[in-house]
Amino acid sequence: MRLSELPKGSPAVVDRVDDAHASDPIAQRLRDLGFVDGEPLRVVAIGPMGGDPLLIQIGSTRFALRRAEAARVSVRVEVAA
Amino acid sequence: MSASTLKIALVGNPNCGKTALFNQLTGGRQKVANYAGVTVERKEGRFTAPSGRVLQLLDLPGTYSFEANSPDEQITRDVCAGNYPGETPPDLIVCVADATNLRLHLRFVLEVKRLGRPVVLALNMMDTARQRGIVIDVPQLQERLGLPVVETIAVKRGGARALIERVDGEVPAAAPVQADDAASRADLHAQVRELLAATVTMPRATAVIDDALDRWTLHSVFGLMILAVVMFLVFQAVYSIGKPMTDLIGDGFGWMGAQAAALMPAGPLQSLVTDGLFGGIGTVLGFLPEILVLFLFIIVLEESGYLPRAAFLLDRLMLSVGLTGRSFIPLLSSFACAIPGIMGTRSIQDPRDRLATILIAPLMTCSARLPVYALLIGAFIPTRRVFGVFNLQGVVLFALYLAGILGAMAVGWVMKHIRRDKSEHALLMELPSYRLPKVRDVAIGLYERGAIFMKRLTGVILGLTILMWFISTFPSPPEGATGAAIEYSFAGYIGRALHYVFAPIGFNWQISLALIPAFAARETAVAALATVYLVGGEASGLGQALAGQISLASALSLLVWFAYAPQCMSTLAVIRRETDSWRNVAISFGYMFVLAYAASFVVYQVASALA
Ligand SMILES: Nc1nc2c(ncn2[C@@H]2O[C@H](COP(=O)(O)OP(=O)(O)O)[C@@H](O)[C@H]2O)c(=O)[nH]1
Ligand SMILES: [Mg+2]
């Protein structure tokens with residue numbers, strides 16, 4: 001599932017970040033910011049206009065990502081153990 | 001002495017507290033310049049360590065990664081690596097990390113370490129970390145990182161003592177240089193996880209207060225309502241606190257001018273001193289209270305962490321007109337004055353988004369337009385009630401503010417569609433924790449912005465007032481002349497020449513003439529009109545004179561002109577400086593001239609037809 005499709009509030013884990021095109025700086029930056037395999041995250045807020053941008057809680061940080069940016073992140077929803 | 005100077009570079013992720021630490025160490029004394037050819041700020045300060053050694057401190061722009069995405073980050077990387085031309089490599093890098101967010105910040109620490117230069121890690125915000133029950137095993141962290149680690153509280157007096165002692169001591173040995181490739185970059189995250197697991201215990205990933213506040217401030221409905229209320233209160237405060245002070249200053253200087261006039265014989269010199277000197281200084285200083293009040297609120301909101309939330313709420317709207325949520329803060333500043341607003345666009349790292357913001361910032365209704373609006377609205381718009389509650393004068397003023405904002409949106413939208421670079425530019429904005437603003441940081445911020453405004457404007461306005469006085473006084477009218485003296489002066493000739501250009505939008509030659517000083521500083525148009533209509537500085541007298549001389553259509557056209565016209569040289573000068581390009585100055589001047597002329601033309605023609 002893409003991060004942009006993740007419902008608000010449900011916990012998930014990053015799978016990987018895909019480049020939208022060759023040498024995609026936005027994807028690289030997402031990886032540098034910690035969107036890497038196994039990192040837990042959550043959508044904590046959704047922008048009031050057109051549901052954009054999204055506010056993502058990852059680790060102790062909150063990042064505002066536009067939907068197009070969030071669509072690069074593929075996540076998996078892990079069943080709580 | 002210079003032999004024992006140690007050059008220290010401060011680096012870290014945005015919001016780690018670098019600037020607070022810099023201010024703590026240097027007491028806020030700093031030299032701000034630009035890196036050659038780019039508009040990235042270079043902030044340098046010095047302080048003397050207990051040993052007597054002078055430490056030179058460089059505050060580098062906040063950076064997430066050396067895989068640079070913006071000019072700021074490139075410079076930070078190059079300066080740290082010691083290969084930025086014209087900058088001697090730092091002797092020591094102090095890497096600042098937010099102790100409450102080590103998962104993000106430690107990765108950059110590891111990246112800095114790989115440069116193979118001496119590094120000290122400052123774990124900042126230790127006060128907040130303790131409050132939140134975060135425990136960091138510093139000796140263990142130091143051991144595993146292979147770097148000296150000190151704890152700091154940048155906002156507390158003496159909170160940097162451990163850091164000062166450490167940098168005053170022996171320079172630590174550098175780690176070996178490591179190659180930078182994709183595989184080793186990915187590995188950094190694994191290292192961070194290991195470090196965190198071994199050295200940090202965190203009861204909770206986020207601050208309770210942040211979660212609670214964000215639930216409201218970012219709410220789709222309440223968030224926007226809170227934003228609207230906050231903005232309303234800010235502007236209300238600007239007028240209710242700033243305006244009386246402004247009037248007081250204006251009156252004070254008027255009184256001083258009158259005192260000085262009493263000591264001098266009547267004549268041109270007397271009018272230079274009273275109208276030019278005291279009037280001019282009074283006008284400039286008069287803006288200061290309103291501007292400072294607005295900046296006070298902006299800085300407090302910024303420091304508290306609220307403004308990035310506003311940027312989040314408005315990003316979508318801004319994006320639709322070719323901007324970014326980040327544009328919100330500089331545009332808000334532009335309601336005080338476009339100059340600090342344009343300088344504030346430095347917080348937008350993306351060059352394209354930054355330029356777009358710079359180009360539309362002058363359309364925000366700055367405080368310098370208000371005296372002109374007040375004069376014309378007072379003279380031409382009746383104080384009638386509309387819909388039973390609103391005062392028509394207030395409605396017109398509001399409409400002018402709205403005209404500026406809608407104009408800016410339209411211009412942004414057009415720019416978005418004609419610019420060549422249509423690629424996706426990221427938002428990727430970190431929302432910092434909420435904090436109680438610290439008095440000292442607010443004071444420093446306020447002082448910095450106030451000083452920018454004063455420096456830019458004082459010289460220009462004074463010079464122009466004197467020039468204006470000169471061209472409207474000389475040459476003197478010939479013997480037996482019947483008209484006003486100004487008609488025979490240089491100003492009279494210039495005004496009549498300009499009249500050809502401005503007649504289609506309803507300006508007479510006197511107004512055309514007043515546009516010249518208005519180009520230096522909008523508010524001086526009022527004084528210039530007073531000069532040409534031969535009335536004293538009293539606004540009511542000038543209002544009556546105007547109402548008798550020009551039509552309502554002309555007055556409306558003039559209001560619209562002031563909303564859009566390319567005015568104030570200082571703004572153009574700052575665009576030149578901030579973008580390092582005359583082309584952008586030309587674009588900015590050109591589009592605003594066309595916009596203002598077209599809008600005034602329509603207003604004048606329609607209003608004339610209806611009258
Ligand atoms: N409680 C606390 N707040 C801090 C500390 N250091 C910085 N801050 C606050 O953190 C915010 C960001 O700091 P700033 O110096 O602007 O960060 P920069 O982006 O790295 O320059 C400001 O509101 C500071 O007042 C600290 O040690 N403790
Ligand atoms: Mg800073």
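Read-outs throughout are calculated quantities, based only on the coordinates presented, and are distinct from any laboratory measurement. For clarity, every value in this text was computed on a predicted model and none was experimentally measured. We place every Cβ from the backbone using ideal geometry, glycine too, and count neighbours over all the protein chains shown.
Before moving on, here are some points about what is shown:
- Selection from B:387, B:492, B:293, by position along the positive dipole direction of chain B (Cβ): B:387
- 3J(HN,Hα) from dihedral phi, the range A:4-9, Karplus parametrisation 6.51/-1.76/1.60, rounded to Hz, x for glycine, proline: 5, 9, 5, x, 4, x
- Along the axis of the charge dipole computed for the range B:5-205 (Cβ charges of +1 for Lys and Arg, -1 for Asp and Glu, origin at the Cα centre), the listed residues B:95, B:186, B:15 are led at the positive end by B:15.
- Antiparallel DSSP beta bridges within the protein assembly as shown, as percent of all bridges there, nearest 5: 65
- Fraction of beta bridges assigned by DSSP in chain B that are antiparallel (%, nearest 5): 40
- Amide hydrogen neighbours beyond the local backbone of residue A:52, cut-off 5 Å, H modeled: A:47
- Legend: distances between Cα atoms for B:43/B:113; B:7/B:455; B:156/B:438; B:18/B:43; B:43/B:455; A:8/B:416; pairs beyond 21 Å are B:43/B:113; B:7/B:455; A:8/B:416.
- For the residues of B:426-436, the average number of beta carbons from a partner chain within 10 Å of their own beta carbon is 5.
- Residue mean of other protein chain beta carbons inside 10 Å, A:29-42: 4
- Neighbouring Cβ atoms from other chains, within 10 Å of the Cβ of residues in B:57-67, number 1 on average.
- For peptides B:590-602, A:52-64, B:415-427, sequence by mean Cβ density within 10 Å, most packed first: A:52-64, B:590-602, B:415-427
- Computed from backbone phi, the HN-Hα couplings of the range B:99-115 come to 5, 8, 9, 6, 4, 7, 6, 5, 4, 5, 4, 5, 5, 5, 4, 5, 5 Hz, rounded to whole numbers (Karplus: 6.51 cos²θ - 1.76 cosθ + 1.60, θ = phi - 60°; Gly and Pro given as x).
- Modelled FRET efficiency - R0 51 Å, residue B:259 with residue B:180, Cβ distances, 0.05 increments: 0.15
- C-alpha long axis of helix B:392-418 to longest principal axis of chain B, angle in °: 60
- Cα→Cβ-extended label distance, 7 Å offset, between residue B:191 and residue B:230, nm: 3.8
- Gyration tensor (alpha-carbon) shape descriptor, chain A, a/c threshold 1.5: oblate
- Other-chain or far-sequence residues with amide H under 5 Å of residue B:474's (modelled H): B:490
- Only one residue of A:51, A:35, A:75 has its Cα farthest out toward the positive end of the dipole of the range A:3-77, where Lys and Arg carry +1 and Asp and Glu -1 on Cβ, and that residue is A:51.
- Applying the Karplus relation 6.51 cos²θ - 1.76 cosθ + 1.60 with θ = phi - 60° to the range B:218-226 yields 3J(HN,Hα) values of 9, 5, 4, 9, 5, x, 5, 5, 4 Hz, where x marks Gly and Pro.
- Relative contact order [Cα under 8 Å, 6+ residues apart], the range A:3-77, whole percent: 41
- Highest-first arrangement of B:97-108, B:149-160, where packing means the average Cβ count within 10 Å: B:97-108, B:149-160
- Taking amide H as placed 1.01 Å from N in the peptide plane, the amide H of residue A:64 sits under 5 Å from that of A:56, B:429, B:430, B:431, each at least 5 places away or on another chain.
- Cα shape, the range B:459-610, gyration tensor, a/c 1.5 rule: oblate
- Residue-averaged 222 nm ellipticity for chain B, from DSSP H runs of 4+ at -39500 (n - 2.57), nearest 500: -19000 deg cm²/dmol
- For chain B, averaging the sequence separation of C-alpha pairs within contact (under 8 Å, six or more residues apart) and dividing by the residue count gives a relative contact order of 10 percent.
- Principal-axis tilt of helix B:243-262 within chain B, Cα atoms, nearest 10 degrees: 60
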